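The values are calculated or read from the model by the stated rules, or taken from the named source; none is laboratory data. Given the structure is predicted, the values throughout are model-derived calculations rather than measurements. Cβ placement follows ideal geometry from the backbone for every residue including glycine, while neighbour counts extend to all protein chains displayed. These area figures cover heavy atoms from the full protein model, side chains too; ligands, DNA and RNA do not enter into them. Shrake-Rupley method; radii C 1.70, N 1.55, O 1.52, S 1.80 Å.
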Amino acid sequence: DSQIKHNGYRIELGEIENAVLGSKMVDNCCAVYDFTNKKIVLYYQAPEELNLSAFRKAVSDKLPRYMLPTKYFREESLKQNASGKIDRSYYKGITNE
């Protein structure tokens, strides 16, 4: 479920999330794949909008270019399911609309 194929590469979305969280530029995040537009989308929780060039520079040490998200959306707080985890199905539904 969290493994996708993008541009011929198998990618674990969790790897992207770990690299993003490791940058310390966001408080929380959720990476999903937009199958319609063939793009990796990152929903993130942070006090302010990301400076995308600084962000890409920070995570490019940990991720190859093909794993970098291409769309970014800041959320005040990420939606959670009943068990308190990020509601990934909610974010997948947004990207497929």
Between a residue in segment 82-97 that is at pLDDT 90 or above and any residue that is of a type in the set (D, E, K, R) and surrounded by 12 or more Cβ atoms within 10 Å (Cβ to Cβ), which pairs come within a Cβ distance under 7 Å, given they are 6 or more apart or on different chains?
Asp87/Lys79; Tyr90/Lys79
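Given the options Asn18, Asn37, name the one that is modelled with pLDDT under 95, of a type outside the set (Gly, Ala, Ser) and surrounded by 11 or more Cβ atoms within 10 Å (Cβ to Cβ).
The match here is Asn37.
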Contacts under 7 angstrom Cβ, first residue in segment 17-28 being in a loop (DSSP other than H, G, I, E, B), partner open to solvent by less than 20 Å² (accessible area, probe 1.4 Å), 6 or more apart:
Ser23/Phe55; Ser23/Val59; Met25/Ala46; Met25/Phe55; Val26/Val20; Val26/Tyr44; Val26/Ala46; Asp27/Ala46
Is at least one residue of segment 33-45 acidic (Asp, Glu) and without any contact (Cβ under 8 Å) to a residue 24 or more places away in the chain?
no
Could you say whether any residue in segment 83-95 is open to solvent by less than 90 Å² (accessible area, probe 1.4 Å), touching a Ser or Thr at 6+ places or on another chain (Cβ under 7 Å) and part of a helix (DSSP H, G or I)?
no
Looking only at residues in segment 54-79 that are over 12 Å from Val26 (Cα atoms) and aliphatic (A, V, I, L, M), which one is farthest from the chain's Cα centre (by Cα)?
Ala54
Within segment 45-53, can one find any residue that is modelled with pLDDT under 95, out of contact with any Gly (no Cβ under 8 Å at 6 or more places or on another chain), open to solvent by 40 Å² or more (accessible area, probe 1.4 Å) and assigned to a helix (DSSP H, G or I)?
yes
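From the list Lys5, Lys62, Lys57, pick out the single residue that is farther than 23 Å from Gly93 by Cβ, open to solvent by 30 Å² or more (accessible area, probe 1.4 Å) and not in a loop (DSSP other than H, G, I, E, B). If you could, list the steps in order and put the result at the bottom.
Details: Lys5 fails: farther than 23 Å from Gly93 by Cβ; Lys62 fails: not in a loop (DSSP other than H, G, I, E, B).
Exactly one of Lys5, Lys62, Lys57 is farther than 23 Å from Gly93 by Cβ, open to solvent by 30 Å² or more (accessible area, probe 1.4 Å) and not in a loop (DSSP other than H, G, I, E, B), namely Lys57.
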